[in-house]
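The structure appears right after this line, and notes come after that.
Read-outs: derived from the displayed coordinates by stated rules, not from any lab. From a predicted model like this one, the values you see are computed outputs, not experimental measurements. Because the Cβ atoms are built from the backbone with ideal geometry, glycine has one as well, and the counts that use them run over all protein chains shown.
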Amino acid sequence: MSFPKKFLWGGAVAANQCEGAYLTDGKGLSVPDMLIGGSLNTPRTFLPQIDTTAFYPSHQAVDFYHHYKEDIALFAEMGFKCFRTSINWGRIFPNGDDERPNEAGLQFYDALFDECKKYNIEPLVTLCHYEIPWHIVTEYHGFYNRKTIDLYLKYVKTCFQRYKDKVKYWIPFNEINMAMMNAGMGDLYCLGLLEDEDIRSKERIPVTKLKHDPQKCFTALHNEFVASALAVKAGHEINPDFKFGTMIAHGTMYPLTPDPKDMLFYQKKEHQKYDFCGDVQVRGKYPCWAKSMFADYGVQADFIDDLDDKRILKEGVVDFYSFSYYSSSCITTNPNVEKTHGNMSFRAKNPYLKASEWGWQIDPDGLYYTLMRLTDRYPETPLMIVENGLGAMDQLTADGKVHDKYRIAYLKPHIEAMKRAVEDGVPLMGYTSWGPIDLVSAGTGEFRKRYGYIYVNRDDDGRGDFSRIKKDSFFWYKKCIESNGEDL
Ligand code: BG6
């Protein structure tokens, strides 16, 4: 057995990381517009107001807003069946609480989805990829405020009505579990939650220094679960063919040693970091161990017993489970071990694995393990990998090309791992690798951390004419899709 005939091969981006045009056609500011670039060892910083002297990578990003026709044509040339992107909330409701949507923003996504349709590319749309309007952050404290649920619902219902004949697959929130993974930074990116003193700050704040209050974080996350469930329900009412997916950031973990304490610690963390959000969105209820988990975090979780919310969560379960997977790491109760980076946080380094230039450990077997584990946990639910890839520093050579054999060397065994899982019965519906075209890194704000099959002439000093160049991996991925994953 191999990949299903209608397997959704493609690529994934987020509006804020590629579109640019951050104030064009009436768009309002959203969280990423406020973030100044950093690097592996220097965190991103922000000020509550735009600093006119600073360079903001997402303000122009790779100018997808003006290049989307050219870019979709390149995706079509690779044979994409699916393109995952997000709608930037601030294009539709510039402040988040506006009375009426911004028609110019709606028209942009109309045109984008029409362009996909022209090539039979199925859009998969994330409704909130760290893109909460800034006004909702400063005036409402993001999802900590229940009122934000209504603002979000108004936004998503506007999208469902408008695009009901153009989009079938939706993701209510990107990497919803990131809220609790990246203390402080997760609160801002995922929940739009900032303390008053940070909202008033006159100094640039490194995102790693943001305060993290578990009580507020889990209250806001609960509100996001409710918002997600209400969105799923409303979407199914508007178009019963809509399919909704959860989106969980998966960084597979292994216990570092056979010490039973490490094994139990691993089990607990796997529950907390991944299964917690997955269970709520897929099963429509908090897992049985949620109360002891809240006690661990010192959180008073009365919201978990609210009968109305319980009903809402039950009525709004997702149709498929989608997730991102880049790397794995180890976990141990011993604090004195070597650590490694990842999109989750610092964890113990696995001595058996190599890592990317950003320290993310490369582990295709971890993808197989994750697929099998998820199918064991949610046997009735189709899976989809909606992010995977290698962030690397590409060199444009004298022949005007990018010979990125290291990217192919990363992707090939990951696709082979998917194939093994499919052969073993995993209901995998698709694969959209991250950043098919170079874009701004969410974690560091860099351009030089490139994921694309398509190189974009743009650098971290804001230089470059945005021209596009096909890398060697472009032709490799084309071949992969053409052969439905057989010719790697
Ligand atoms: C995921 C996010 O966590 O990882 C993306 O959904 C992000 O937005 C991707 O870009 C890769 O992370 P980074 O930090 O290399 O951009």
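Extending 7 Å from the Cα toward the beta-carbon at both residue 25 and residue 164 defines two label points whose distance is 2.3 nm. Put the Cα centre of the range 36-67 next to the Cα centre of the range 184-204 and the gap is 16 Å.
Going by how many other Cβ atoms sit within 10 Å of their own, how do 275, 259 line up, fewest first? Write out the running numbers ahead of the final one.
On the way: 275 21, 259 13.
In order of increasing Cβ crowding within 10 Å: 259, 275.
How high is the relative contact order of the range 359-488, given as a whole-number percent (alpha carbon pairs under 8 Å, six or more residues apart)? Don't jump to the answer; show the numbers that get you there.
Working: 180 pairs, mean separation 33.5, N = 130.
Relative contact order here is 26 percent.
Loop-resident trypsin sites (Lys or Arg not before Pro) (DSSP state other than H, G, I, E or B) in the range 395-488 with no more than 10 further Cβ atoms inside 10 Å of their Cβ: 463. Only aspartates and glutamates eight or more places from residue 268 in sequence, or on another chain, were considered; those with a Cα closer than 17 Å are 259, 279, 296. Quick one: Debye curve from the alpha-carbon atoms of the range 8-482 only, equal weights, vacuum; give me log10 I(q)/I(0) at q = 0.06 Å⁻¹ to two decimals. Reported log10 I(q)/I(0), two decimals: -0.23. For residue 216, the lysines whose Cα comes closer than 19 Å to its Cα, not counting residues fewer than 8 places off in the same chain, are 147, 273, 291.
Counting helices only, and only those DSSP H runs with n ≥ 4, report the 222 nm mean residue ellipticity of the chain as the sum of -39,500 (n - 2.57) divided by its residues, in deg cm²/dmol to the nearest 500.
Values: 17 runs with 180 residues, N = 488.
Theoretical 222 nm ellipticity from helices: -11000 deg cm²/dmol.
The modelled label-to-label distance between residue 295 and residue 308, using points 7 Å beyond Cα along the C-beta direction, is 2.9 nm.
In the range 8-482, a dipole from Cβ-located charges (positive for Lys and Arg, negative for Asp and Glu) runs towards its positive end, and of 12, 57, 351 it is 351 whose Cα lies farthest in that direction. Placing dummy labels 7 Å off each Cα toward the beta-carbon, the span from residue 212 to residue 111 is 4.1 nm. Summary of the geometry: the range 266-295 and the range 121-176, compared by the centres of their Cα atoms, lie 24 Å apart. Say the cut-off is 24 Å between C-alpha atoms; which of 339/401; 5/412; 243/471 go over it? As for pairs spanning more than 24 Å Cα to Cα, those are 339/401; 243/471. For residue 168, a cut-off of 16 angstrom between C-alpha atoms picks up these aspartates and glutamates, skipping any fewer than 8 places away in its own chain: 110, 114, 115, 122, 237, 241, 319. The charge dipole of the range 8-482, taken about its Cα centre with unit charges on the Cβ atoms of Lys, Arg (+1), Asp and Glu (-1) only, comes to about 740 debye. By the count of other C-beta atoms within 10 Å, a proxy for reagent exposure, 122, 380 are ordered fewest to most as 380, 122.
What separates the Cα centres of the range 205-251 and the range 302-340 is a distance of 11 Å.
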